[in-house]
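Asks: What follows is a structure written as structure tokens; I'll ask about it next.
A short reminder: the numbers here are calculations on the coordinates, not readings from a lab. The structure displayed is predicted, hence computed values, not measured ones. We place every Cβ from the backbone using ideal geometry, glycine too, and count neighbours over all the protein chains shown.
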Amino acid sequence: MDDSLTFESFLTGARTAAQKAMDDHARGEYDEFALHGGVAFERLAKAVLISKNPAYLVEMRNGNSDMLLYLCGDLKQKPKSGVRTVGAMEAIGRLRSMELLMQDKQLDELIALRNGTAHTTVGNEAKALLPALAENVQALLKHLKQPTNAFWGRWTSAIGAAVDKQRSEIQRDVEIRIKQAKHLFEDRFKGLPEGSKDKVLKDPRPKETMAFDRIVMRNNEKVLLWIKGVLCPACGGKGSMTLTPIATAGSDAEMVPDSFECHLCRLELNNVEEIEASGVDPGQTYLPFQISFTTSKLPFDIQLGETHRG
């Protein structure tokens, strides 16, 4: 029988496509994520079917008796009509009939996006379908007794976060984004001399320089925001946190984290809930080495905090 129709071939193809799908999702290429994610699940579904019985791959339309004989090893030559197996949705339907998969509208949506049959912008819908892909893949891997880490590779911990029902949706989403940013940052140093990443992460400030505990931006007496530096939870580099006031009393203001951005790995956290979920500690701060403004005349005053030697 054709080597492309073996259990090992389907499983290997599923593994390769699944890891490509995770790379796509991390880069924000959600149309490619839908394509590779759908391919990964179809191949994994077929791996399960062929592990049960090769005949389960036969497409029942148009009298495929030669294909049935070929898949079962009783026909030496490929059918003249070519080798055709069931499509993704039919394979999924058969696994559901055997109670190896549960009904899942989000998985069906992923396959529809992959097939181009969903009437929507792919990126808008596919971004949120990662947990559905992860959960259904895990169900089939469990049935096959295949290790999760061998299938997902470096994305294993991100998949673990995606299926962790003990955490809130925000916590799961933030942890996935942190792991994605970490892997994409590390990818930038592939093929470069050893120590390149450490050099980039090293604090760029000279040993003897003046530093401040914060930058405060004011409009007359009203505090607009503070900028503080904190360690990035993804790459360990220096990111910038913006704090905004929620209450003021005279010249004092109660500040809360508003956003975080790391220019090294491009991780962004967009509100206090995401910052809390990331584990970033606003109290562990340093002053960014350099801050640039796009205008020569600022619409507010800048006040520097207490100075000290670095």
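Asks: Around E261, with a cut-off of 13 angstrom between Cβ atoms, what is the net charge of the other residues, counting Lys and Arg +1 and Asp and Glu -1?
Replies: +1
Asks: Moving on. Note down the net charge around S168, summing +1 for each Lys or Arg and -1 for each Asp or Glu among other residues with Cβ under 15 Å from its Cβ.
Replies: Combined, the nearby Lys, Arg, Asp and Glu give -3.
Asks: Can you compute the modelled spin-label distance between I246 and S157, with each label point 7 Å from Cα toward Cβ, in nm?
Replies: 3.0 nm
Asks: Hey, another quick one. With a ≥ b ≥ c taken as the square roots of the eigenvalues of the C-alpha gyration tensor of segment 93-174, please select rounded if a/c is under 1.5 and otherwise prolate if a/b is larger than b/c or oblate if it is not?
Replies: Verdict is oblate for segment 93-174.
Asks: If we count every other residue with Cβ under 10 angstrom of E274's Cβ, Lys/Arg +1 and Asp/Glu -1, where does the sum land?
Replies: Around E274, the surrounding residues sum to -3.
Asks: Now for a separate question. Express in nm, to one decimal, how much length is gained between Q103 and M89 on full extension, taking 0.36 nm for each residue of separation and deducting their alpha carbon distance.
Replies: So the extension gain works out to 3.9 nm.
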